[in-house]
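Below is one structure, written out as structure tokens, with a few remarks after it.
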Protein chains: 2
Amino acid sequence: MSFNIIATPFRLSLVLVVLFSLAGCQSLSGKSEQAGLMGTGDLGLIIERASGSVLVVNTTRHDVLGRVEGLGDLSHASVVYSRDARYGYVFGRDGGLTKVDLLTGAIADRVIQSGNSIGGAISQDGRYVAVSNYEPGGVKVFDSETLELVADIPATWTNEQGETARSKTVGLVDAPGNQFVFSLFDAGEIWTLGIVDGEPEVSRYPAGKAPYDALITPDGRYYIAGLFGEDGLSMLDLWEPEAGVTEILPGYGKGEQQLPVYKMPHLEGWAIADGRAFVPAVGHHQVLVADMNDWSLVDRIPVQGQPVFVMASPDNRQIWVSFAHPKNDVVQVIDSSTREIVRTLEPGKAVLHMEFTPRGEEVWVSARDSNRVTVYNTRTLEPVAELNAEKPSGIFFTSRAHTLGL
Amino acid sequence: MSFNIIATPFRLSLVLVVLFSLAGCQSLSGKSEQAGLMGTGDLGLIIERASGSVLVVNTTRHDVLGRVEGLGDLSHASVVYSRDARYGYVFGRDGGLTKVDLLTGAIADRVIQSGNSIGGAISQDGRYVAVSNYEPGGVKVFDSETLELVADIPATWTNEQGETARSKTVGLVDAPGNQFVFSLFDAGEIWTLGIVDGEPEVSRYPAGKAPYDALITPDGRYYIAGLFGEDGLSMLDLWEPEAGVTEILPGYGKGEQQLPVYKMPHLEGWAIADGRAFVPAVGHHQVLVADMNDWSLVDRIPVQGQPVFVMASPDNRQIWVSFAHPKNDVVQVIDSSTREIVRTLEPGKAVLHMEFTPRGEEVWVSARDSNRVTVYNTRTLEPVAELNAEKPSGIFFTSRAHTLGL
């Protein structure tokens, strides 16, 4: 318990503060920044995948506040945020975990925690940051304040040769009850992980062959893993984990004649609108529509290429779709009620990611080979701003700090 | 379009910043605050209804950062937040609209915009703040940056005497497409309001007798108004507003034999979990459960008093219920899947409001006549902190900046 005695009115004091400014950029001409204080609710990070750098951006003014360098290999990087929306935790491909301070535009802390990693998550209470590792396999959990190691979960299993081995881990997300959930690619399992009195507590569930990625539904109830080794998807209901994993969408995956798969779709990108899940087909020029009550397939929406990200706008009105090579220079927008494509946009070459502003009035789209991020108004579907970026990939806004599973 | 040329690395400069500190409070001992910078993602405001003041709080450390005074009559007050989560717009009962800077703990701006008001909203893009007025009736829209008047909507109608009159307005919310939606108590209408090129655009829909409050569903699709003058609720589907208002839950309201109504329930407090709406009954010791597909009543959950707020935890797992006088010293927690009461808590005398932390690990509960706010862990249902406050009522966290309709 903490009890506070408060005094009024505020006493003002002068404090010397080191703030970041930026040459050659008009973005710091705003009144708030001149006064030296800044809210963090409208900030974000854009990954510059080739240069190991990130851009700090402001979504109200469509501005780049600055660049932070020295983050290592960001060829497959993602970001989660601290509870106060001040710090971004950047998960690099090379096992680097970097804590970026968006207010100072500097690296607050950085550890190389493995040889090869594939993303991470922050716990519901914001105290723990977990990283999903390929080499060596397993999950490591860090104190979000200090980046000190809290728990090392090697994700061991017994392979076909009867040897104990460490599994690659994928699809790591946070879940209600201050848990983490992840999948073991080699072991074919889903694990839940809680930190109770500083000690890790793990539960294991068989999950099918070679889960390669996963998502959690926005309410944190259903954890769904895609399988590389068989058709269908594996779903764990976290309200009843003791019931184990069930198979959903049995036809999903490689079961039908299809085109060569250029890129396995990102499961994080699933859209859920109006009781329907909009799912990227694997190796087909289609977005699949599933009824979430029984997970039956109710529709297939033809699109212009193999979808990678299928994302619902915050009002569930639109489904935005990005595509795999070689048809990755466009984005298509689907009306979620008519299920028809309402617009095909050309944001640039090699579109890699999309991020909606939290209330959904705009969406930011990165085009790697055009070195550009384009901001669209979601109502008019017209571009409203462009920002220069070096080979931009993932875009992550601080509102993720307040969203389960992101 | 704005194009930015950015330079790297950051150039550091020293800036003198006036920050707020606070005597007699340990809350500023954290490292971040000593350095003078602070993220705004884990902040909030608590209304002190009797003294015209608000507390600035930090939800990570369960701390009161300070008190801001001079906000007028806060006997029925609410708050919305700027896009950057730095400023709270406090709507007072006396027509006062106060912009509070959470970083400096000071009033940034304040206008008395009417004689009597009842809440407000901020537009999806964050540019406009609208206030719902009783006296004189209507809605006023302000620039969120400057608090300059942008539009004055008198909400006129022709009364039974054939005179043009101004209607009291209620249930004002923001909606996708950068709209506001509100109800006219006297005129019995629902209006949608957009600001297009600086000019207001209004559409009017008949809505039944005497709408007294309203809510919008979390995706911003359905606007639902409660009626004082007849049974049932009026719903406008904002995806098809041209279809007009339909009546839902026809038995809702005064139609059945019931107890004296001590307080009309807050509609904002509706919980929506798993396709079901959990609705406070009017004048009954019940929480109603409606199927959102056809809005049929599927269950009635007995509770210990007349519910005022019925709120779902962010993971939809729990429904928290507060009550009207005279049984307003407890809060009951319902399991949303079994629909059974799992715990009855006693947070203090005259419980007025509850606010979940954005990812739902905790909930803050105000008890006016105990001068106390209690923080509960939603997993253990045990208190984890208590904070002193003068006659606390509404609790509003900055994560509302990122949520449609809040």
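Given label points at 7 Å from Cα along Cα→Cβ, what nm distances, shortest first, separate residue B:143 from the same residue in every other copy?
Its label point is 4.8 nm from the equivalent points in the other copies.
State, to one decimal in nm, how far the label point of residue B:160 lies from the label point of residue B:338, with both points 7 Å from Cα in the Cβ direction.
Result for the modelled spin labels: 5.1 nm.
Could you run the Karplus curve 6.51 cos²θ - 1.76 cosθ + 1.60 with θ = phi - 60° over the range B:311-327 and give me ³J(HN,Hα) per residue in whole Hz, x for Gly and Pro?
10, 8, 5, x, 8, 6, 7, 10, 10, 9, 10, 10, 10, 7, 3, x, 9
Any idea what the alpha-carbon Rg over 2.2 N^0.38 Å comes to for the range B:137-256?
Values: Rg = 14.5 Å, N = 120, 2.2 N^0.38 = 13.6 Å.
Compactness ratio reported: 1.07.
Nearest 20 debye, what's the magnitude of the dipole of chain A about its Cα centre given +1 on Lys and Arg Cβ and -1 on Asp and Glu Cβ? Working shown, then result.
Working: 32 positive and 50 negative charges, 223 e Å.
Approximately 1080 debye in magnitude.
Of B:51, B:128, B:173, which is farthest on the positive side of the dipole of chain B, counting Cα position, with +1 on Lys and Arg Cβ, -1 on Asp and Glu Cβ, and the Cα centre as origin?
B:51
Once you keep just the Cα pairs under 8 angstrom separated by 6 or more residues, what percentage relative contact order results for chain A? It would help to have the intermediate numbers written out before the result.
Numbers: 1097 pairs, mean separation 42.7, N = 406.
That works out to 11 percent.
Where the eigenvalues come from the Cα gyration tensor of chain A, what are the semi-axes √(5λ) of the equivalent ellipsoid, largest first, in whole Å? Let's see the in-between values first.
On the way: eigenvalues 219, 159, 78 Å².
So the three semi-axes of chain A are 33, 28, 20 Å.
Over chain A, with a Gaussian network built from C-alpha contacts below 10 Å, which listed residue (A:158, A:357, A:344) shows the highest mean-square fluctuation?
A:158
Taking the Cα centre as origin and putting +1 on Lys and Arg beta-carbons and -1 on Asp and Glu beta-carbons, what dipole magnitude results for the protein assembly as shown, to the nearest 20 debye? Let's see the in-between values first.
Numbers: 64 positive and 100 negative charges, 269 e Å.
Charge dipole, the protein assembly as shown, about its Cα centre: 1300 debye, nearest 20.
Quick one: Karplus J couplings for the range A:219-230, per residue in order, coefficients 6.51, -1.76, 1.60, θ = phi - 60°, nearest Hz, x for Gly and Pro?
Calculated HN-Hα couplings, in order: 8, x, 8, 9, 9, 10, 10, x, 10, 8, x, 7 Hz.
Run the accessible area of the range B:137-248 with a 1.4 Å probe and give the carbon-and-sulfur part as a rounded percent. The partial results should precede the final answer.
Values: 2010 of 4480 Å².
Taking all protein chains in place, the range B:137-248 shows 45 percent carbon and sulfur surface.
Which residue, B:211, B:326, B:392, tops the fluctuation ranking in a GNM of chain B built on C-alpha contacts under 10 Å?
Result: B:326 has the largest fluctuation of those listed.
Before rounding to the nearest 500, sum -39500 (n - 2.57) across all DSSP H runs of length at least 4 in chain A and divide by the residue total; then give [θ] at 222 nm in deg cm²/dmol. Let's see the in-between values first.
Working: 1 runs with 4 residues, N = 406.
So the calculated ellipticity at 222 nm is 0 deg cm²/dmol.
Which whole number gives the average count of other chain Cβ atoms within 10 Å of the Cβ atoms across peptide B:39-48? Don't skip to the end; give the middle numbers.
On the way: counts 17, 12, 16, 9, 5, 0, 0, 0, 0, 0.
Other-chain Cβ atoms within 10 Å of each residue's Cβ, averaged: 6.
Per residue of the range A:162-167, what does 6.51 cos²θ - 1.76 cosθ + 1.60 with θ = phi - 60° give for ³J(HN,Hα)? Whole Hz please, x for Gly and Pro, Karplus curve as stated.
Once rounded to whole Hz, the list reads x, 9, 7, 9, 9, 8.
Taking Cα centroids, how far is the range A:331-363 from the range A:166-221 in Å?
Each part reduced to its Cα centre gives a spacing of 30 Å.
Mind putting a number on the dipole of the range B:137-248 about its Cα centre? Charges go on the C-beta only, +1 for Lys and Arg and -1 for Asp and Glu, and I need it in Debye to the nearest 20.
On the way: 6 positive and 20 negative charges, 53 e Å.
Computed charge dipole of the range B:137-248: roughly 260 debye.
The values are calculated or read from the model by the stated rules, or taken from the named source; none is laboratory data. From a predicted model like this one, the values you see are computed outputs, not experimental measurements. Methodologically, a virtual Cβ is constructed for each residue, glycine included, from the backbone with ideal geometry; neighbour enumeration extends over all protein chains shown. The accessibility values were calculated without ligands, DNA or RNA, using every heavy atom of the protein model including side chains. Shrake-Rupley method; radii C 1.70, N 1.55, O 1.52, S 1.80 Å.
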